[in-house]
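Engineer: Sharing a structure here in structure tokens format.
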Amino acid sequence: MANWSSQKAWLENVRSDIRNRMDRTGQYGLDDAMSDELSELSLYDNHPADIGSELFERGKDVALRDLDKLRLQEVDRALDAIDGGTYGVCAECGERIDPDRLEAYPLATLCIDCKRKDEREHPDRSRPIEEEFLTPGFGRTDLDETDNVAFDGEDSLQAVWRFNQRPGYDEEYDYLAQDDYLNDNEGIVDDVEKITNDEYKSQLP
């Protein structure tokens, strides 16, 4: 059985620090209701900006508390694994985790290969998940490929771009054609409707 004494000592110190923070009165600033801390009978009569700083601080305190709870769970799980003899075994493939990896990060539960695979399949989100729903900006009101000829979100975006045209610089609207999807088909349902009168007359015998 491997000697995990240094990892165990580190984990026990981390657990002790977290528990001390949790036990210390007022450490997270969440002992009292927010209205009590503000000395307000009610928050309904306040503009949101009036308590913006206090709301931010409350949210930060909640995040710090929840982060400590999650870290404590990880530490307890690692210490239980040391006591049970399963510490240092990859939770994915069952192979031994490199001791150097555990020395650098005693909470590791995956070997380096499985960790890299996990990061490829589940990359950390650097942007809010809501953006998947909101992208493209006109996605919820995109009426292309339908029989609806209303002024949709795509048309609105193009209208804004035209409004912001810089005289003498963007006269050809080249920047509107950078994305083939923005094809400016306002009022067009069938492709035949894209044919202009001049194009039609030029094809007559």
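The values are calculated or read from the model by the stated rules, or taken from the named source; none is laboratory data. Remember, it's a predicted structure, so these values are computed and weren't measured experimentally. No Cβ is skipped: glycine too gets one built from the backbone with ideal geometry, and neighbour counts run over all protein chains shown.
Engineer: Have a look at ILE51, ILE97 and point out the one that is at pLDDT below 90 and surrounded by 15 or more Cβ atoms within 10 Å (Cβ to Cβ).
Structural biologist: ILE51
Engineer: For ALA108, indicate whether it is of a type in the set (A, V, I, L, M), at pLDDT 90 or above and in contact with a Ser or Thr (Cβ under 7 Å, 6 or more places away or on another chain).
Structural biologist: In short, no.
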